[in-house]
Each structure stands twice: as C-alpha cells, then as structure tokens.
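Everything on this sheet refers to the single structure shown next.
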Amino acid sequence: MPSKPGQSQELTTAHELISKEASNVKTRNVVFFVAFKLISVLKIGYLLIVVVNLHLILYKTHAMGLIASFGKYLLFIADVFRKPERRSVMYKLVVKEVYELGFKSVLFVVFVSLFVGAVVTLQTAANMEGSWMPRYLIGYATRDAILLEFSPTIISLLLAGKIGSNIASSLGTMRVTEQIDALEVMGVNPVTYLVRPKIFALMFFNPLLICMSMFGGVIGGWISGTLSGECTSAEFISGIQYDFVPFKAVYAIIKTILFAFIIASVSSFHGFFTKGGALEVGRSSTRAVVFSSVFIIVSNYILTQLLLN
Amino acid sequence: MIEIKNIVKAFATKEVLKEVSFTFEQGKTNLVIGQSGSGKTVLLKCLLGLHEPESGFINFDGLDIVGKSNKNLKGLRKQIGMVFQGGALFDSMNVEQNVLYPLQMFSKLSKEEMLQRVNFCLKRVNLENVNHLFPSEISGGMKKRVAIARAIVLNPKYLFCDEPNSGLDPYTATLIDNLLQEITHEYGMTTVINTHDMNSVMEIGEKILFIKEGRNVWEGTKADIITSENQHLQGFVFSSELFKTIKRKS
C-alpha cells in the first residue's frame, strides 16, 4: 500500500534517530571496551619499553660485559645469604631498615594511591557515560585496575625510584668514603651486614605497603565516585565485591615480594660496586633506578604469564 | 712483626708494586713514605688483604696471608686496627656507636663493659663528652681521633694508618702523630703508617720505607735520613726550603 508523503518523512526521521542511537551505543561500547582492556594494553606497552631498553643497553654496553655483570650480581646475591656475624645485630638492622625504607614511604604511597584510585574511577565513569552498563562496574573496574596492576607494579616502579636511589647512593657514598673497606678490614662481611637487612626489610614490608596502596586506591576511587555523583556508595561497594577472586590478591602479593627483592638487590649491587667519587655515586643511583625498573617490568610480564594465563 | 717479600701488584698491565720487600717491626712506628701515586696505598691494601698481590708473600707473625680467602683471614682481621685517610666513620652512627661497633660484632663483653671500654678508648685519644655527636658534627682532627679509638678498641696487634694527618693543621697533625706513637709503645703493636708528611717522618719515623714508582728505594730510621746519600730520598725529603735549611744546619 503506497504511503502518504508525511508518513514517509516521519519514518525516515525515526530511522535516522535509530541509526544515530545505534552508532552512539557502538561508540560507547568501543570506548568502554578499550578502557576495560587497559591492563592488556599496558602489557604491550611494557613489552615495547622492555624492547627499547634492552636495545639501548645492548647498544651502549658490550654483551659480554652484561653477562659478566650478571654473573657478578649472582655472586653478590649468594654473599647476601651467608651466615651473619651476629644474629642479634642483624635483627636490629632489619628493624631499622623497615623503618628507613618502608615506614618512611607509607605517606607517599598512600597519597599517590588515593589520587590514582580517584582518577581511575573518574575515567572509568566517563567512559561508561550513557551506556547500558550498570554503574557498579565502576567499582569493579577500579578494584581490578588497582589490585592487578597499579598497586603492585606502578607503586613498585615508584618505589624503585624512591628507595632504589636511596639505597644506591647511600652504599655508593659508603664505598667512596672507604666505610665499606673499613667493614672489610674489621672482618665484617659488608654484603651480609649492609645489603641483607635491606633485602629482608623490603621483602617483608613492601607487601604491607602495597596492601595499604590497594586500600588507598579503592578508598580514593570510592570518595571520587560518590563525591562526583558518578555512582552511589552502595553501587561502588557492590562493584568492588563483584566477582572477587582472592587469587588476584595473592598474585599481587607474589609480584610485590619479587619486585621488593629486585629493588633492594639491584640497587644495592649498583651502589656497592661504585668506583670513583661523588659523580659516580650519582651515576650508580641512576643505573640502579633504570635497571630495577627494567627488571620489574620484564618480571611483571613473565609472572603475569605464569600466574594468570 | 710483618714481613713482606718481593711483592708484585699490577692493575691490568700497569705494575704498581715491583718486588717490594721490608720488615715492619713490632712496638715501632713503621712509616711508608713516597710521592703520591708511588704505590703506598696499594701496598697498605695488600697488607690488609684488600688487594691480592700477583706474587710474593706477606707474613703476619708466621701467618702467610697471600692467597687466603676472607674466611681464613677472619681471625687475623680481628687483630687489625685501621685508620683510613678520611676516618671512614659510619655516618649513620654517633661517635660512641662507631667505637662500640667492633665490640658489638666481635666481643663477648656485657653492654656495661663495652661502654666502659669505649669511654676508655675515647679518653685515651683525648676525646670526652662527644659520645653522642655524629661524624658530621665534629672536626677533621676529632674524626681522626675517633677513628684511632675505633681502631684500638679491640686491642689489636697490628695498627695501619693511611695518611692519618692529611688535611689537618700542623698542631693537630703533631698531636695525632704523637698519639699514634704513644699507643704503639703502650700496647706493643706493629704500626704501619702511610704518609708523605715530612713532619711526621721526622717526628715518629722509627723505621722508614721509601717507595718510588713502586720500588723499595731506601729504608732506615729518621736519623738515617739526614745522613743518607740516596738521591731519590734527598730529592723527596728535602724538597722544601725549610728542610733544606735544617739539613744545611745539621
């Protein structure tokens, strides 16, 4: 039956509206999908950074030199686990390092985590704007981003900068001012005495720091989500409880312990073998941060493959 | 007594010590003198076991240390005190903790006994009421004295000093020199001092080894220096106008 001219115009408008809405939904879904897969994309980013860094390292230094350095690092680590001269002194040193390296980083870690959690929530909410997805997914996405990647990896990278440079520069200064030689002459194994407490302290305290970071991040997300009106408190809390797999927390803690070992051992290695003067101490400090970061990123990829896939 | 024989030490292809032989006597201040870069510090580090010589032997009262591992040298190291050029005090510890440290690591004394010993050693080097100051809060001369107190706190048999009065004013330098000599005589230690300070040589040089370009060029006492005809030694010792005048007058 032929349609009336007015009716045909109405149908065309309705058809256009439907197509426009469909296109909008499609765009929103794509944006949401991209945001939701941020973690996977980060992994590819990490790989790229690793490749670029390895290329630069290989370009600048001789491959044999790297292998020799790695061998030296392994011997250094073996020395760390030698029997200490006095166990009672060792316990005191571990407690001291927990305070110096760990406890003094609490405020920094919590502060960064609060704000990053807040930003992750706001970005996730912005990507979900007007979509059919339930609002509790904001809490869900924030929790997973914080738990899986931000707290264990990104905070460890930040700590590699803060703690790693501290360790390398303090050991480097001790080396150039002959304090390490003084220990050796006294018959004290300087690696056991100076490095072991740092490694033990970080491996013990970093998981606690990362747990604080996780709580900080989620609380930051909850505050920003509810204050901005993107979701209600109940929706956010429901989201962070939704589909929670405890192994994800275990995975994050395993990563953190390994990263703590990397930060403490690699930074100590670079600081301990400093040669020269003040300038070299600065260079050791830089090398410590670069190498710790590279090792963290590579091991993050390997661990993720092993534990999650 | 420490005996060294034909010590050769090289870094890559550069030979720093060339067959150096000498006997450092017990109860005397043994001085190793020579220009900067002549190999004094390398020789001292070989004696301390921080560097491994290419050849030769180093004998501490019958114990040959060349080729021995750190583990085997542990017993000997407890009998060694060392005063580094810059003091090498631990920055994170105060004066008392610095001197206390070797006792905490190696002695079985009670805490009170350890503190008594620390205070005794600090008093011996003329330092009192500085126990709670940190190395950054004391002068260069005080740092050297704290380093000496730390070096003698375990009653060592051997005392090594690497340029103990470098960077100090003449008065404080003489105080340090005299203190080292007094301690050496008092405890009957074998003291080895690296220096290129001629005041120290003339003040406390009971036995002197002169090294030039890694070779043992001359040995004797401070009295022998004046009468020696060794051209290298004369050129080194009497390089300043003051000492030339002293020599002329003597």
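Listing for the model above:
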| quantity | calculated |
| --- | --- |
| Residue-averaged beta-carbon neighbours from other chains (10 angstrom radius) around A:184-197 | 4 |
| Relative contact order computed over chain B (Cα-Cα under 8 Å; 6+ residues apart), in percent | 27 percent |
| The protein assembly as shown - mean residue ellipticity at 222 nm from DSSP helices (-39,500 (n - 2.57) per run, n ≥ 4, rounded to 500) | -20500 deg cm²/dmol |
| Within-15-Å neighbourhood charge of A:A168 [Cβ basis; K, R +1; D, E -1] | +3 |
| Part-to-part distance (alpha-carbon centres) for segment A:66-92 and segment B:22-62, which is given in Å | 29 Å |
| Whole-Hz couplings from phi, Karplus 6.51/-1.76/1.60, listed for segment A:190-196; x for Gly and Pro | x, 5, 4, 6, 9, 8, 3 |
| Distance histogram in 10 Å bins (all Cα pairs of segment B:23-173, percent per bin) | 10, 37, 35, 17, 1 |
| Note, ³J(HN,Hα) from phi for segment A:153-164, Karplus 6.51, -1.76, 1.60, rounded to Hz, x at Gly and Pro | 8, 5, 5, 5, 5, 5, 5, 4, x, 6, 7, x |
| Bridge type composition, chain B - antiparallel percent by DSSP, nearest 5 | 50 percent |
| When each of A:K72/A:K96; B:K144/B:K207; A:K275/B:K143; B:K207/B:K244; B:K18/B:K45; B:K71/B:K212 is checked by Cα-Cα distance, pairs over 25 Å | A:K72/A:K96; B:K71/B:K212 |
| Neighbouring partner chain Cβ atoms per residue of B:105-118, average, 10 Å criterion | 1 |
| Using θ = phi - 60° and Karplus 6.51 cos²θ - 1.76 cosθ + 1.60, couplings along segment A:201-217 (whole Hz; Gly, Pro as x) | 4, 5, 5, 7, 8, 4, x, 5, 4, 5, 4, 4, 4, 4, 4, x, x |
| Segments B:28-34, A:74-80, B:207-213 sorted - mean Cβ within 10 Å per residue, highest first | B:28-34, B:207-213, A:74-80 |
| Cβ-defined net charge surrounding B:N131, 15 Å radius [Lys, Arg +1; Asp, Glu -1] | +3 |
| Antiparallel bridges, percent of DSSP beta bridges restricted to the protein assembly as shown (to nearest 5) | 50 percent |
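Taken together, the values in this text are just the output of simple stated rules run on the coordinates, not laboratory data. Quick caveat, the model's predicted, so the values are computed rather than measured. Neighbour counts run over all protein chains shown; Cβ positions are idealised from the backbone, glycine included.
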